[in-house]
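Let me begin by presenting the structure, written as structure tokens, before commenting on it.
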Amino acid sequence: MTSPAEALPTWPLIATKHLELRKRRGLMITVAVMTIGPAVLILALRLAFHLFDPAHYGPAGDPDVFDSITNLTAEFGFIIAAVVGAAAGTTDLNDGVFRYLVITGRSRLALYLARIPAGLAILIPALAVAFSMVCLVTAYEGVPQPATVSVGNGISVPAQLDQAQLQTWVSAHPQQAAQAFPPSPVPGSGPGRPTKAEDITTEYTNYTAAEDAQLNPAANEMFKIGLWLALEVVIGFLVGLGLGALTGQRTLSTILLIGLEIIVTPILARVQIPYFLNGQRLDVGIAMDQLRPAALAPATGGGPGPGGLLFGGRGALQIPSMPTWAMISVIVGWIVVWSVIGAWRMMTRDA
Amino acid sequence: MTAGHRVTTITAMNAKHVLGLAPLAAVKNVPPGAGFHLGPGPVLLVLLVLGGIGFGVTRARRGRPSAQHDDEWGRREQPPPASPGASAPSGPAGPVSRAVLPGVMPAGDTGAPPARARREVSFERPAGGWAVETHGLTKRFGSNVAVNDVELRVPRGSAFGYLGPNGAGKTTLIRTLLGLTRANGGTTSLLGIPVPAERSKALAGVGAIVDEPRFHPHLTGRDNLRLLAAARGGDAARRIDPSLERVGLTERADHKVSSYSMGMRQRLGVASCLLGDPKLLILDEPMNGLDPAGMHQMREMIVSLADEGRTVMLSSHLLDEVERTCDAVAIVDRGRVIRQGPIDELIRGAGTASVRVDCADPARAARLVDEAGIAAGTSLTDAGLMVALPAGASRELVAEINRRLVAAGISVYGLEEVRASLEDWFLSVTTRLGEQP
């Protein structure tokens, strides 16, 4: 039996597994193109357009640009993480080196676990570079931040209010508040039925949503978004690693995960299937969308669009949200289950 | 000539054809504006292009043919022997080993290299256990029994050959020994340590090449060794440079493995085995894909490793290679070990020794020997008189034949003892097996 200490990968083993991945030139080019590439391309174009035609093109640090690049990075980040994970899970097998690693007497579990930090050490820095560029451009090349936020019916409300300050403003401006936060119909009521006045929590939610759309995210919001992107990449990598180790086939694993990301998840997010709602919620992409930081608008602007169904539709959930514990369980479950499957296959596979 | 002497005329290549063994060159090498709402079309196109870069580059690199081939072995790293023909003892002229009697000039050709003195191998159980020991080891793939109830004992400090035709289960046995695949039955120990119960401990003292040496082609030879040394741990990383130097790959160590010839990969495989300073080396078909000069160097390397006190177990279907390299041998056929023991003992047990007599009157000499009743038989050949010695005959019998011929007035120019080779013995064993119902 392998003792827990033997199952832990050593630093030299992690370093050499990192080297083994890093020296794959084609893979590294793909990683760079899919993580840093979109940010560089879009920001460069926007900066150039703004430079030559400022009347039609605003600064590159626009909130829409931030949201677009970040959403694209999330999509591509998951995909490239899956590609790297599948490569990490299969490269020793495909090159015929796995048996020679096993012959060294090193625990197979340690060989599997060493790939996790080795792969993430490639992905996370690339992601950090891309997202840092977006954040820096947003911070230093952004539009001047307005002092007010346009809420319902075009009513302007002072920006950067917390909930108590908003409540004070509502009390001081009852007529404007009634227009800014119109009461919504009571559930089950029909036309002409009484409506319920918005409570301050709902009003504050609407207010912050308008703020997120019109103002650049604050530093702490950027930090949250960065962590969310990192989690997206970690999940993609671990699932790709596990699936790659299970199948032993890099191409098959990659295709399956790209299909999950750009076809299956958007469909499950948009189409509510009767009697299968809980099944839809088991998709890790849906759970991740629900975990999306509030400051990051969905790729389709929160509503269904012509291009949203197959790609970029994530974030615009058309199915009821799940409880927080369920969302976290789904995310943790995907990580744990695929890691266990991959490690098990690695430990039992004929070398 | 009696049936017992026919073997001396069979060459290695002939034997391979007779046995249906694969030719020497058979290699198992098989050796990737305000909004940016993107629709599915362009994005999928980008994905396909990017995917193409990722897979295409990898595939193109993997599929790139090696720029160098086997004939590079030794040309850049070490000078080859003066004449490939003369220095290639694995050639067709190689299977008969001759022991020239003291005081008698060697007769006939002298081109064959002298036989290597084999180490004394004891098949008494050593104190620390056998280098390799199996009891009832069995491995099945469905209904096919690849390893069949194998009882194997490999003495420590010896060069041990595991000999059998292709498909006999040699590689499967090695994979089972090393824990690369699970056995269906039986027990195994390496260096006296049970496997798979204490697999990690056992493998710490083992270096192995299975099937063929495989490496990450996009990494250099040194980086590949770094990877394996990191997995092995301990002092393995410090042995990288000495190992590369020993196999003559220092100058090419920082080149990508994809540019290595098969021979260089074999040597890198041996270097990887040496990282753990192993007491036991298990080499699966180490001569595969090597040219004659490469085989010569590999043979010398194996012998030198055994000379250092390491146990070298090698599997092969090349009879003469095993005979030249190993001290003891096990013959495997259809997954079952049919014979094992020191090569010299096995060959002596086959009782196929004979003496070639170069004399003035071979016909009269034959009659004389037959009438004396001291030989198992005689036959006349172009090379002279062949006298078959009875099983277990001592060397004194050869002197007695000489005395009788000289006493009869027949001039004797030379006597040469002709021993059966491992190949001959293998043929006789497998023939007998074939005769069994």
Considering each of A:A245, A:A218, A:A172, A:A230 in turn, give the residue that is surrounded by fewer than 16 Cβ atoms within 10 Å (Cβ to Cβ) and modelled with pLDDT of 85 or more. A:A172
Subset of segment A:1-12 that is of a type in the set (A, V, I, L, M) and not in a helix (DSSP H, G or I) - its residue that is farthest from the other protein chains (Cβ to nearest Cβ): A:L8
When you look at B:T138, is it more than 20 Å from the chain's Cα centre (by Cα), more than 30 Å from B:S259 (Cβ to Cβ) and in the same structural domain as B:D307 (by TED's automatic domain parsing), yes or no? yes
For A:A15, indicate whether it is at the interface with chain B (Cβ under 8 Å from one of its Cβ atoms) and either assigned to a helix (DSSP H, G or I) or among the polar types (S, T, N, Q) (or both). yes
Identity of the residue in segment B:203-228, within 27 Å of B:R299 (Cβ to Cβ) and assigned to a helix (DSSP H, G or I), that ends up nearest to the other protein chains (Cβ to nearest Cβ): B:L203
Would you be able to tell me the number of residues in segment B:123-143 that are among the hydrophobic types (A, V, I, L, M, F, W, C), within 15 Å of B:A328 (Cβ to Cβ) and not in a loop (DSSP other than H, G, I, E, B)? 1
Selected residue (only one of B:D361, B:D327 is assigned by TED's automatic domain parsing to the domain that holds B:T138, surrounded by fewer than 24 Cβ atoms within 10 Å (Cβ to Cβ) and either among the polar types (S, T, N, Q) or closer than 30 Å to B:A393 by Cβ (or both)): B:D327
I'm checking my understanding of the structure. Among residues of segment A:29-73 that are closer than 26 Å to A:P293 by Cβ and among the acidic types (D, E), which one is farthest from the other protein chains (Cβ to nearest Cβ)? A:D67
Would you be able to say whether some residue in segment B:144-163 is farther than 25 Å from B:R324 by Cβ, within 11 Å of chain A (Cβ to nearest Cβ) and over 18 Å from the mean Cα position of the chain (by Cα)? no
So how many residues does segment A:180-199 have that are of a type in the set (A, V, I, L, M) and either modelled with pLDDT under 80 or within 21 Å of the chain's Cα centre (by Cα) (or both)? 2
Checking B:A183 against (1) within 9 Å of another protein chain (Cβ to nearest Cβ); (2) closer than 26 Å to B:W130 by Cβ, which single condition isn't satisfied? (1)
Given B:G205, B:G221, B:G179, which one is within 26 Å of A:N94 (Cβ to Cβ) and either hydrophobic (A, V, I, L, M, F, W, C) or under 23 Å from the mean Cα position of the chain (by Cα) (or both)? B:G179
Residues of segment A:85-99 that turn out to be at the interface with chain B (Cβ under 9 Å from one of its Cβ atoms), among the small types (G, A, S) and closer than 19 Å to A:I122 by Cβ, as a count: 1
Working only within segment B:270-292, note down all residues that are within 14 Å of chain A (Cβ to nearest Cβ) and either of a type in the set (F, W, Y) or part of a helix (DSSP H, G or I) (or both). B:V270, B:A271, B:S272, B:C273, B:L274
What's the total number of residues in segment B:229-268 that are out of contact with any Gly (no Cβ under 9 Å at 6 or more places or on another chain) and either under 19 Å from A:L21 (Cα atoms) or assigned to a helix (DSSP H, G or I) (or both)? 11
Any chance B:R156 is touching a Pro at 6+ places or on another chain (Cβ under 8 Å), assigned to a loop (DSSP other than H, G, I, E, B) and crowded, with 21+ Cβ neighbours inside 10 Å: yes
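Conditions tested, residue by residue: (1) within 13 Å of chain B (Cβ to nearest Cβ); (2) within 17 Å of A:G236 (Cβ to Cβ); (3) modelled with pLDDT under 90.
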residue	(1), (2), (3)
A:A294	no, no, yes
A:P298	yes, no, yes
A:L317	no, no, yes
A:V330	no, yes, no
A:G342	no, yes, no
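The values are calculated or read from the model by the stated rules, or taken from the named source; none is laboratory data. In this text the structure is predicted, and so the values were computed from the model without any measurement. Heads up, the Cβs are rebuilt from the backbone with ideal geometry, glycines too, and the neighbour counts pull from every protein chain shown.
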